[in-house]
Amino acid sequence: MKTPCYLLLGLIALNGSAQAATQEAVGSWVLTCPADAPCIMRLNQRFIDKAGVTGDLEVQARGKVLVPVIALRGLQADLLIAAAMTGKTHASMRFNNGHREPLDCSVTKIGYICAPNEDSTPKLAAALPTARSARVRVSVAIEGMKPLPEQEKAVTLSGTTEALARLRSLGPSQIPAPMTAEAAQSPAGMMAMADKILKLSGYPNGAAQLQSLIAKYRRQ
């Protein structure tokens, strides 16, 4: 029996859609290219992967320059904005045994992104291709109290030069601009948001730890 022409076209279209979102591994990196969208390059070892929330070392473009960033994805935009309004995230990155370079963190349309600032962009971009290891340090400071303990992660890198060349050939995603809209949150919603983010960031007691720290510093 002959297959109708329209059915063949449908099968071809479905096959094309399935192939449109491709993923490939290059060294320690994973390159994912969604359909009709720029490609995402991330390390295969994730910092966070819980309840639909991911935290990754990614490579994105600032103009024509490829730079490393820390990307937190999967949290609702209003929660991210509320988190940004309650405190300040301090982040830095270094390759091998080089100098620690600061990252600027902000809420964007794709998630919470910590990217090199104007001064650290050329330094981190130059060190990235041949880096064998990376260390990321993050701390959270809340107005009126001392910063929470720093969290530091170390990862091993390989095949970065080849992965960067592949990303350039496929088309990299650009670092998105910060969001400026403000989101209103009830006190209960703010506490729930703080609890979730703190637990994902490595503080097992979540908001309970935050409350005890606030009480401690108020007594000082």
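What follows is calculated from the coordinates using simple rules that are stated; it is not laboratory data. Remember, predicted model here, so these are calculated numbers, not experimental data. Glycine gets a Cβ as well: all are built from the backbone with ideal geometry, and neighbour counts include every protein chain shown.
Calculate, in nm to one decimal, what Glu162 and Asn117 gain on full extension: separation in residues at 0.36 nm each, minus their alpha carbon distance.
Values: separation 45, 0.36 × 45 = 16.20 nm, distance 2.50 nm.
Contour length minus the Cα-Cα distance gives 13.7 nm.
So what is the relative contact order for region 21-181, in percent, with contacts set as C-alpha pairs under 8 Å and at least six apart?
Relative contact order, region 21-181: 25 percent.
Compute the length gained on full extension between Met179 and Arg132: take 0.36 nm times their separation in residues and subtract their Cα-Cα distance, giving the result in nm to one decimal. Mind showing how you got there, number by number?
Working: separation 47, 0.36 × 47 = 16.92 nm, distance 3.33 nm.
Computed gain between Met179 and Arg132 is 13.6 nm.
Based on the Cβ-Cβ distance of Ala35 and Ala208, what FRET efficiency does E = 1/(1 + (r/R0)^6) give at R0 = 45 Å, to the nearest 0.05?
The value I calculate is 0.55.
Residues with amide H under 5 Å of Asp49's amide H, sequence separation 5 or more or different chain, H placed in the peptide plane at 1.01 Å from N; which?
Gly55
Could you compute the FRET efficiency for Ala25 and His99, with r as their C-beta to C-beta distance and R0 at 35 Å, rounded to 0.05?
After rounding, the FRET efficiency stands at 0.70.
Mind checking the dipole of region 21-181: about its Cα centre, +1 per Lys or Arg Cβ, -1 per Asp or Glu Cβ, Debye to the nearest 20?
That gives region 21-181 a dipole magnitude of about 280 debye.
For the pair Leu170/Val53, report the inter-label distance in nm, with labels modelled 7 Å from Cα in the Cβ direction.
2.7 nm
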